[in-house]
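The values are calculated or read from the model by the stated rules, or taken from the named source; none is laboratory data. Since we're looking at a predicted model, the values are computed, not measured. A quick note on method: Cβ atoms are made from the backbone with ideal geometry, for glycine too, and the neighbour counts reach across all protein chains shown. Accessible surface is based on the protein model in full, side chains and every heavy atom, while ligands, DNA and RNA are left aside. Shrake-Rupley method; radii C 1.70, N 1.55, O 1.52, S 1.80 Å.
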Amino acid sequence: MQVPVLQVESLRVNFRTDLGVVPAVRGLSYTVPKGKVVAVVGESGSGKTVQALSILNLLPPAARVESGKILYQGKNLLALKPKALRQIRGRKIAMIFQDPGASLNPVLTIGEQLCETLCAHQKISKQTARLRAVELLTQVGIQEAEKRLDEYPFQFSGGMCQRVMIAMALALHPELLIADEPTTALDVTVQAQILKLIKDLQRKNGMSVIFITHNLAVAAQVADEVLVLYAGQCMEQAPAADLFKNPLHPYTQGLLSSLASVRQKVEKLPAIAGNPPRPGEVLPGCPFAPRCPQALKKCFESCPPLYENGSRRTRCFLQEGK
């Protein structure tokens, strides 16, 4: 059996605020197979980004990993010292952040930032690093790459800045790429180009990818497997083809039914009624029960476990015994 690139086991992350402890990730477990794309989907506030930042110890000061393990090549990343983690961050596991405009340094040229990434992890000259930077920009589809190296982020469009972030993430040929909402701020045409670019590079380099998005339509274009989060918990996990063909959890069904379709013309798209739990609110039962049209009495009294059926996992009492 092939060992997965990454294993997340029973991860719990809390935020300490003036209002008390706010749970953000609640006992999350999943694996990332070698060479596969795992999409992590869910509404804003479901814990998608927090769990990703935990992998590379990039959580904000108010956040704290309370328990769990994140295993990479048998090493628990949560237990590594900062120096050991820096050898993995960027070189073995890289991340594309949500907002490329905020992630790039506005007072440094694109070339300086790319070369800094290369020189920090490899013993190469500045000249060699610059040649490699030109190759990277060309690889992600930026024309006149050598000229653009001497320009600043404000001289690039949003889509081009995102391509630069992808180039920086791929500079050291990481084994695992974490892409956190990489197309959110882009128009539809550029979004399609970025998705194709990530998928093509993933296949070419044999990378594993954790692709974070709130858009199931985007996940359908790139994912081999889909993990659906709600209130910091896994509601459903399944191979992408199975999940989109036959979603089992009422939350996943609601997300899919709210997608626009060119085949089906409706005046108003259906929406999931109600709101997610407020920060810090922990319900005794299933966190989705107050919004669920199929909720049973016991759904409000206790939280269901993850029921496993072959390659699928579903946190719903409706799947009990199936």
Under DSSP loop assignment and at most 12 Cβ neighbours within 10 Å, longest GluC sites (Glu not before Pro)-free interval of the chain
1-143
Can you compute 3J(HN,Hα) from phi for each residue in the range 227-232, using the Karplus curve 6.51 cos²θ - 1.76 cosθ + 1.60 with θ = phi - 60°, rounded to whole Hz and x for Gly and Pro?
10, 9, 9, 8, 6, x
Projected area, mean over directions - the range 142-207, Cα convex hull, nm²
4.8
Residue-level accessible surface for His214, protein heavy atoms, 1.4 Å, Å²:
100
Over the chain, with every protein chain in place, what whole percent of the accessible area is carbon and sulfur at 1.4 Å, could you tell me?
52
The range 224-322 - Rg (one decimal) and Dmax (whole number), Cα, Å
14.1, 41
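How many percent of Cα pairs in the range 47-135 exceed 23 Å?
Details: 1412 of 3916 pairs.
Result for the distance tail: 36 percent.
Normalized C-alpha radius of gyration of the range 171-246, against 2.2 N^0.38 Å? List each step's numbers first, then the result.
On the way: Rg = 12.9 Å, N = 76, 2.2 N^0.38 = 11.4 Å.
Ratio of Cα Rg to 2.2 N^0.38 Å: 1.13.
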Mind checking the per residue accessible area of the chain for me, 1.4 Å probe, whole number of Å²?
51
In terms of Cα to Cα distance under 15 Å, which aspartates and glutamates are near enough to Lys322, apart from those fewer than 8 places away along the same chain?
Glu236, Glu308
Counted charge near Pro106, where neighbours are those whose Cβ lies closer than 14 Å (Asp, Glu -1; Lys, Arg +1)
-3
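Which trypsin sites (Lys or Arg not before Pro) does the range 209-316 hold that lie in a coil by DSSP with at most 10 other beta carbons within 10 Å? Please list the in-between numbers first.
Details: sites: Lys245, Arg263, Lys265, Lys268, Arg291, Lys297, Lys298, Arg312, Arg313, Arg315; in loops: Arg263, Lys265, Lys268, Arg315.
Listed in order of number, the matching sites are Arg263, Lys265, Lys268.
Rounded, prolate or oblate: which fits the range 263-309 when a ≥ b ≥ c are the square roots of the eigenvalues of the alpha-carbon gyration tensor, with rounded for a/c under 1.5 and prolate only if a/b beats b/c? List each step's numbers first, then the result.
Details: a/c = 2.57, a/b = 1.66, b/c = 1.55.
Taking the square roots of the gyration eigenvalues as a ≥ b ≥ c, the range 263-309 is prolate.
Stokes-Einstein diffusion coefficient for the range 174-298 at 10 °C in a medium of 1.306 mPa s, Rh from the Kirkwood formula over Cα pairs: what value in µm²/s? Walk me through the numbers before you get to the answer.
Values: Rh = 16.5 Å.
Here the translational diffusion coefficient equals 96 µm²/s.
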Where in the chain are the DSSP H helices whose alpha-carbon span along the long axis reaches 15 Å or more and whose Kyte-Doolittle mean is at least 0.5?
158-170
From largest accessible area down, sort Thr138, Thr252; use a 1.4 Å probe on the protein chains.
Thr138, Thr252
With +1 on each Lys and Arg Cβ and -1 on each Asp and Glu Cβ, and nothing else charged, work out how big the dipole of the chain is about its Cα centre, in Debye to the nearest 20.
720
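Restricting to DSSP H runs of at least four residues, report the calculated mean residue ellipticity at 222 nm for the chain, -39500 (n - 2.57) per run over all residues, nearest 500 deg cm²/dmol. All intermediate terms of the calculation are to be shown ahead of the outcome.
Details: 11 runs with 101 residues, N = 322.
Mean residue ellipticity at 222 nm (helix-derived): -9000 deg cm²/dmol.
Cα gyration tensor of the range 1-84, axes a ≥ b ≥ c as square roots of the eigenvalues: rounded (a/c below 1.5), prolate (a/b > b/c) or oblate?
Working: a/c = 2.27, a/b = 1.45, b/c = 1.57.
Since a/c reaches 1.5 but b/c is at least a/b, the shape of the range 1-84 is classed as oblate.
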Which sequence of Asp150, Asp200, Asp18 reflects their accessible areas, 1.4 Å probe, from the largest down?
Asp18, Asp150, Asp200
Rounded to the nearest whole number, the per residue volume of the convex hull around the C-alpha atoms of the chain in Å³ is 159
Quick one: compute the contact order of the range 1-110, relative version, from alpha carbon pairs under 8 angstrom and 6+ residues apart, as a percent.
28
